[in-house]
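Notes follow once the structure below has been shown.
The values are calculated or read from the model by the stated rules, or taken from the named source; none is laboratory data. Bear in mind the structure is a predicted one, so any value in this text is a computation, not a measurement. Methodologically, a virtual Cβ is constructed for each residue, glycine included, from the backbone with ideal geometry; neighbour enumeration extends over all protein chains shown.
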Amino acid sequence: MATTQKGADDGASAGVACAILAFLIWGLSPAYWKLLKSVDAFEILMHRMVWSFLFLLPFLALRGRWSEFIATLKTPRRMIGLLASTVFVTVNWFTFIYAINHDQILQTSLGYYISPLVNVLLGTLVLKERLRPIQGAAVVIAAVAVLYLTFGYGRIPWMALILAFSFGFYGLIRKMVAVGALVGLTIETLLLSAPAMAYLVFLDATGQGAFLRAGAAISILLMGAATVTGLPLLLFTIGARRIHLSTVGFLQYIAPTCSFFLAVFAFGEPFSGAKALAFALIWIALAIYSVDSFRYYRRTHPRA
């Protein structure tokens with residue numbers, strides 16, 4: 001019994017470590033994309049798709065997911081769902097890169113802080129999940145924060161909202177499509193690899209592409225987009241299987257927090273009073289949501 005318990009504890013510790021590392025990579029990734037500021041955001045996105053597909057393919061075999069990959073390709077209903085999720089992940093990735101390259105890392109941080117609350121809202125509206133009163137209060141506070149930022153800052157934080165809702169709809173579709181995370185992402189990158197490659201070939205033929213033209217460092221960074229995309233996902237899937245959902249819920253705030261500190265202290269983005277109050281309201285909403293989720297999980301999983 002003691003050996004079994006020790007093995008479970010070791011597995012949980014490894015899971016927490018993998019999840020933390022995944023969220024740290026996601027949170028610090030703006031510093032990586034900043035290095036590609038000289039490259040058009042759409043071109044970066046195309047490279048991200050192509051290299052990510054090539055990066056993920058070997059892991060299908062290593063993790064024994066090749067048969068699931070082939071079976072999914074032969075299932076029209078799943079492929080329709082993954083085609084829809086591909087659209088949302090493309091919008092999300094493009095907006096993320098565009099925001100970073102236009103000195104709007106704070107908006108990416110805000111977007112991913114709002115994202116869990118968008119998930120609650122979509123679950124209520126689309127999946128007809130019951131919204132607990134405290135969850136409802138958290139969503140209302142977040143909405144007030146966005147409205148205040150809109151009127152206090154003078155414009156709608158559209159990049160943050162696009163990031164939050166595109167990621168929310170992406171998660172919603174992936175929840176409804178019975179496909180593993182690794183297989184799903186590989187197919188999503190596959191669906192865009194052909195048009196992405198065609199676009200990159202066109203850029204190269206017309207002398208506009210950055211790859212192999214803007215220096216070795218830029219070319220290596222474009223290829224490295226696969227690692228920045230695929231590695232944290234693999235770490236996250238390993239970690240998520242070994243730890244409780246409530247733990248994942250708390251750890252997910254590491255990423256936008258890292259981005260927040262990068263934006264303010266590393267890249268010197270302006271942090272006005274309106275932004276400060278809006279972020280404070282979001283943090284309050286997330287604290288309320290997290291405590292409620294933790295208590296609910298403990299009630300429904302007393303042995304956890």
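Per-structure values
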| read-out | value |
| --- | --- |
| Wholly enclosed helices (runs of 4 or more DSSP H) of the range 243-303 bearing at least 2 residues modelled with pLDDT under 75 and of a type in the set (Gly, Ala, Ser) | 245-251 |
| Some residue of the range 124-133 being touching a helix residue (DSSP H, G or I) at 6+ places or on another chain (Cβ under 8 Å), touching a residue at least 60 places away in the same chain (Cβ under 8 Å) and surrounded by fewer than 18 Cβ atoms within 10 Å (Cβ to Cβ) | yes |
| Options Leu277, Leu286: the member that is within 23 Å of Asp103 (Cα to Cα) and not charged (D, E, K, R) | Leu277 |
| Test: residue in the range 97-120 that is of a type outside the set (S, T, N, Q), over 20 Å from Pro256 (Cα atoms) and assigned to a helix (DSSP H, G or I) | no |
| Of all residues in the range 31-75 being in a helix (DSSP H, G or I) and among the acidic types (Asp, Glu), the one that is surrounded by the most Cβ atoms within 10 Å (Cβ to Cβ) | Glu43 |
| Any hit, the range 209-216, residues being at pLDDT 80 or above, charged (D, E, K, R) and either surrounded by 14 or more Cβ atoms within 10 Å (Cβ to Cβ) or touching a Phe, Trp or Tyr at 6+ places or on another chain (Cβ under 6 Å) (or both) | no |
| Pairs with Cβ under 7 Å, 6+ apart, first in the range 159-176 and on the phi > 0 side of the Ramachandran plot and touching a residue at least 12 places away in the same chain (Cβ under 8 Å), second crowded, with 20+ Cβ neighbours inside 10 Å and not in a helix (DSSP H, G or I) | none |
| Residue match in the range 9-26 (condition: hydroxyl-bearing (Ser, Thr, Tyr) and in contact (Cβ under 8 Å) with a residue 24 or more places away in the chain) | no |
| Selection count, the range 138-163, where residues are surrounded by 22 or more Cβ atoms within 10 Å (Cβ to Cβ) and over 23 Å from Thr227 (Cα atoms) | 6 |
| The lone exception for Thr90 - which of (1) in a loop (DSSP other than H, G, I, E, B); (2) surrounded by 15 or more Cβ atoms within 10 Å (Cβ to Cβ) it fails | (1) |
| Index of the failed condition, Arg78 passing every other in (1) surrounded by 14 or more Cβ atoms within 10 Å (Cβ to Cβ); (2) under 18 Å from Phe165 (Cβ atoms) | (2) |
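The rows are residues; the columns are (1) touching a Ser or Thr at 6+ places or on another chain (Cβ under 8 Å); (2) modelled with pLDDT under 90; (3) closer than 21 Å to Glu43 by Cα.
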{"position": "Ser166", "(1), (2), (3)": "yes, no, yes"}
{"position": "Leu172", "(1), (2), (3)": "no, yes, no"}
{"position": "Ala178", "(1), (2), (3)": "no, yes, no"}
{"position": "Leu191", "(1), (2), (3)": "yes, no, yes"}
{"position": "Ala196", "(1), (2), (3)": "no, no, yes"}
{"position": "Tyr199", "(1), (2), (3)": "no, no, yes"}
